[in-house]
Amino acid sequence: MTIYEEVQQQRERLVALRRDIHAHPELGWHEIRTHALICRELDELEIPYETVCGTGVIAVIHGGAESPVIAFRADMDALPITEKNTCTYASQTPGVMHACGHDCHTAWLLVTARILKAHASELRCTVKLIFQPAEEIIEGAHAMYELPQLADVSHIFGAHAWIELPVGQFSVEPGPRFASADNIYLTIRGRSAHGAQPQDSVDAIVAASGVIQAIQTVVSRNNHPLQPFVVTIGTINGGTSSNIIANEVKLSGTVRSFSPAVRDKMANRLEEVSKAAAAVYGAECEFEYRRCTPAVINCPEETDMLRQAVSQIFGQEALHGLEKTTGGEDFAWFLERIPGSYVRIGASAAAEGKNWPHHHERFDVDEEALVNGAAVFCQTALMFGR
C-alpha cells in the first residue's frame with residue numbers, strides 16, 4: 001500500500017478533525033480548545049509532546065535513526081471574521097472564523113503524526129511536529145523559532161492550503177515566495193487654529209496628505225523597478241471638527257518586499273522622506289518602522305525534497321509554478337535559523353461553487369486538499385535520507 005493510499009484511508013478522520021476545528025475557531029494565543037484537541041490525539045497515539053508558548057505544541061516521533069532531525073509545522077489560529085457559510089461545520093464562535101485554512105493545516109499534521117508513528121521504524125530521521133499559535137497576528141513563529149526544543153532541527157517544512165490553486169496541484173519553488181511584512185506608524189504634528197484662519201495654523205491634515213504622496217515616490221523613484229516593493233497607507237485619523245484645523249494626524253500602513261537588502265534600505269528611506277515631507281509644511285513627523293516577519297525564502301535542497309515527494313505521489317505534472325506573493329507568512333522566522341521550504345497545496349473548491357479568497361467570510365476548501373497535504377508531509381519524511 002502506498003503512502004497516498006494510507007492517507008486516503010484516513011480521509012474520514014481528516015475531514016472530521018478539520019470540521020471540528022473549523023466549527024470552534026480561536027484567535028491567536030487563545031487556541032485553548034484546539035490545543036486540547038491536539039493533545040488528545042497525540043496522547044491516543046502515544047507520541048510524546050510538550051506544550052510551549054502557552055498554546056503551542058511540539059511533538060517528537062523517534063525514527064530508526066535519531067539524527068538528523070526534521071520538522072513539519074502547522075499553524076492553528078483563526079481570524080476575527082463573522083462566517084457567512086451555512087454548512088454544518090460553520091463557526092460556532094461569533095465573530096471568529098477559520099478563513100485561511102489553518103484548520104486544514106492542523107488536521108493534516110495530526111494525520112501525518114498518526115501515519116509516521118506507524119512507520120517510525122522505517123524513518124531515517126527523528127521527526128518533530130510543530131503546532132504553532134498566533135500566525136495571523138504574526139507573533140507565533142517569532143515566539144517559537146529559537147526555542148531549545150528546536151535547536152537540533154536541521155530541516156523544516158511547512159504548507160498552506162491554497163485557494164488559488166486547483167486540488168491536485170502544488171506550488172513549491174526555491175527562492176522568495178512570500179514577502180516580508182512590516183508596519184509603519186506615523187504621527188504628523190502641526191498647530192491647530194480656527195478653520196476660517198488657516199494663516200495661524202500648521203495644518204496636520206494637509207501635511208499628512210503631502211507625506212502620503214511623498215512616500216509613494218520612495219517606491220517609484222528610490223527602489224529598483226525589478227525589485228518588488230509595496231507601501232500602502234491603510235489608516236488616516238485626525239481632526240475633531242469641520243471648523244478646526246487639526247494639529248495631529250495618525251497614519252499607519254504596511255510595507256512588503258522580498259529582498260532583505262531592499263527591506264533595510266527602504267526602511268531608512270521611508271523615515272527620511274516622511275520627516276522631510278512634513279517639514280515642508282512646517283509640521284513634525286514621528287516615524288516608527290515595526291519589523292513583523294521576514295520574507296519566506298525557500299532553500300534549494302529542501303524545496304527539491306518537497307518537489308520529489310509531490311512527483312512520487314502525483315507525478316511531475318502536479319507541480320505548478322505560482323508567482324510569489326506579497327502576502328506575509330511568519331513561517332519565515334523558522335527559515336531565519338533552519339533551512340527549509342514551504343509548499344502551497346491546491347485547495348480550490350471552485351467546482352463546488354466555493355472559490356472565495358483567503359480571509360473572506362465565505363472561505364472554504366475542497367477537502368481532498370487535506371489528503372494531499374498529509375501525503376506530501378508523510379512522503380517527505382519517509383524518503384528522507386534515502
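A Cβ distance below 9 Å, combined with a sequence gap of six or more or placement on separate chains, defines the contacts here; from the stretch 132-153, residues that are assigned by TED's automatic domain parsing to the domain that holds Phe331 reach residues that are at pLDDT below 95 in the pairs Asp152/Ser67. So, of the residues in the stretch 131-163 that are touching a strand residue (DSSP E or B) at 6+ places or on another chain (Cβ under 9 Å) and of a type in the set (Phe, Trp, Tyr), which turns out to be nearest to Ala99 (Cα to Cα)? Only one residue fits best here, namely Trp162. One residue stands out among those in the stretch 93-124 that are without any contact (Cβ under 8 Å) to a residue 60 or more places away in the chain and in a loop (DSSP other than H, G, I, E, B): the one that is farthest from the chain's Cα centre (by Cα), which is Pro94. The strands (runs of 3 or more DSSP E) located wholly in the stretch 150-194 that include 2 or more residues which are of a type outside the set (A, V, I, L, M) and surrounded by 24 or more Cβ atoms within 10 Å (Cβ to Cβ) occupy 153-166, 175-178. Among the residues making up the stretch 313-355, those that are among the aliphatic types (A, V, I, L, M), over 11 Å from Val167 (Cα atoms) and buried (at least 17 other Cβ atoms within 10 Å of the Cβ) are Ile313, Leu319, Ala332, Leu335, Ile338, Val343. Applying the criterion of at least 2 residues that are closer than 30 Å to Ala159 by Cα, charged (D, E, K, R) and at pLDDT below 95 to the strands (runs of 3 or more DSSP E) found wholly in the stretch 232-349 leaves an empty list. Is it fair to say Arg18 is in contact with a His (Cβ under 7 Å, 6 or more places away or on another chain) and of a type in the set (D, E, K, R)? For Arg18, the condition - in contact with a His (Cβ under 7 Å, 6 or more places away or on another chain) and of a type in the set (D, E, K, R) - is not met.
Looking for something among the acidic types (Asp, Glu) and crowded, with 20+ Cβ neighbours inside 10 Å - is there at least one such residue anywhere in the stretch 99-120? Yes: one or more hits.
The values are calculated or read from the model by the stated rules, or taken from the named source; none is laboratory data. Everything quoted here is computed from the prediction, not taken from an experiment. Cβ coordinates were reconstructed from backbone atoms using ideal geometry, including for glycine residues, and neighbour counts include every protein chain displayed.
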